[in-house]
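A.B. asks: Handing you a structure now.
The values are calculated or read from the model by the stated rules, or taken from the named source; none is laboratory data. Everything numeric here is computed off the predicted structure, so don't read it as measured data. Cβ placement follows ideal geometry from the backbone for every residue including glycine, while neighbour counts extend to all protein chains displayed.
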């Protein structure tokens, strides 16, 4: 790990682990309502390897969600490049990018965004069906994941019949069902009370250890950040490696 204050988001990963995502000199800006250009990411670098869980912290509005969107191909950088499994994604056509994103990246957001008309297992099946897997295989894998998440008895329940923590577990299963190498989690427990959020994160962390996918976690939660291999602060559009929470400034 780089020392405190080092402006280098791309240290070497775990020994022998393959690189899952890399951002090189990524910049991203937006035009504000009054016509001003706001720079959010400024020459940012990051590399994350298989099995790593990296926390990205920073003040509200600093650009954590923008970073996750760029890493996952939901948004394109103004300059620089993003590689997933060594494949550059920023210049891909929309259809090609959607296919790559569906197979290689899982997203978990603060709000679960489940489809209310479908039950738990059907919600989890959706990414596999989009990837043209057979309904039988999709249902089998979705049911297995939900069972791993402690929802084996809730497969046929619709979102309105599930608690907030259960809904977020379904969202996690949906993110993992295509066996992505990278999961991008944006305040995944931010809409849950602390005990429920801790329980959901414990299950998520267990799955991450078992399946070995990489995680980039945007969070304000100190307890969650401390459980990650690296804590990185997004500061003035770049990532700063920090060794402990006491070095985080808002």
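A quick yes/no check of all residues on (1) buried (at least 16 other Cβ atoms within 10 Å of the Cβ); (2) under 23 Å from residue 168 (Cβ atoms):
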{"site": "30", "(1), (2)": "no, no"}
{"site": "45", "(1), (2)": "yes, no"}
{"site": "83", "(1), (2)": "yes, no"}
{"site": "92", "(1), (2)": "yes, no"}
{"site": "97", "(1), (2)": "yes, no"}
{"site": "111", "(1), (2)": "no, yes"}
{"site": "114", "(1), (2)": "yes, yes"}
{"site": "124", "(1), (2)": "yes, yes"}
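A.B. asks: Inspect all residues belonging to the stretch 184-193 and state whether any of them is over 12 Å from residue 114 (Cα atoms), assigned to a loop (DSSP other than H, G, I, E, B) and in contact with a strand residue (DSSP E or B) (Cβ under 7 Å, 6 or more places away or on another chain).
C.D. replies: yes
A.B. asks: Might you check whether a residue that is in a loop (DSSP other than H, G, I, E, B) and either under 30 Å from residue 117 (Cα atoms) or at pLDDT below 85 (or both) occurs anywhere in the stretch 198-208?
C.D. replies: Restricting attention to the stretch 198-208, the residues satisfying the condition of being in a loop (DSSP other than H, G, I, E, B) are none.
Scanning the stretch 198-208, I find no residue that is in a loop (DSSP other than H, G, I, E, B) and either under 30 Å from residue 117 (Cα atoms) or at pLDDT below 85 (or both), so the answer is no.
A.B. asks: Run down 174, 103, 169 and say which single residue is assigned to a helix (DSSP H, G or I) and touching a strand residue (DSSP E or B) at 6+ places or on another chain (Cβ under 9 Å). I'd like the intermediate steps shown before the answer.
C.D. replies: Numbers: 103 fails: touching a strand residue (DSSP E or B) at 6+ places or on another chain (Cβ under 9 Å); 169 fails: touching a strand residue (DSSP E or B) at 6+ places or on another chain (Cβ under 9 Å).
Step by step, each of 174, 103, 169 is checked, and only 174 is assigned to a helix (DSSP H, G or I) and touching a strand residue (DSSP E or B) at 6+ places or on another chain (Cβ under 9 Å).
A.B. asks: Which residue out of 153, 137 is surrounded by fewer than 18 Cβ atoms within 10 Å (Cβ to Cβ), over 23 Å from the mean Cα position of the chain (by Cα) and part of a helix (DSSP H, G or I)?
C.D. replies: Numbers: 153 fails: part of a helix (DSSP H, G or I).
Matching residue, one of 153, 137: 137.
A.B. asks: Can you tell me which residue among 122, 96 is at pLDDT 90 or above and part of a helix (DSSP H, G or I)?
C.D. replies: Working: 96 fails: at pLDDT 90 or above.
Result of the check over 122, 96: 122.
A.B. asks: Here is a list: 20, 70, 56. Which entry is within 19 Å of residue 242 (Cα to Cα), surrounded by 15 or more Cβ atoms within 10 Å (Cβ to Cβ) and modelled with pLDDT of 90 or more? Don't jump to the end; show me each part of the working.
C.D. replies: Numbers: 20 fails: within 19 Å of residue 242 (Cα to Cα); 70 fails: within 19 Å of residue 242 (Cα to Cα).
Of the residues listed, the single one that is within 19 Å of residue 242 (Cα to Cα), surrounded by 15 or more Cβ atoms within 10 Å (Cβ to Cβ) and modelled with pLDDT of 90 or more is 56.
A.B. asks: Moving on. Looking only at the stretch 140-150, how many residues end up being outside any helix (DSSP H, G or I) and under 17 Å from residue 106 (Cα atoms)?
C.D. replies: So the first thing to find is which residues in the stretch 140-150 are outside any helix (DSSP H, G or I), and the list is 149-150.
Retained after the next criterion (residues that are under 17 Å from residue 106 (Cα atoms)): 149.
Here the count works out to 1.
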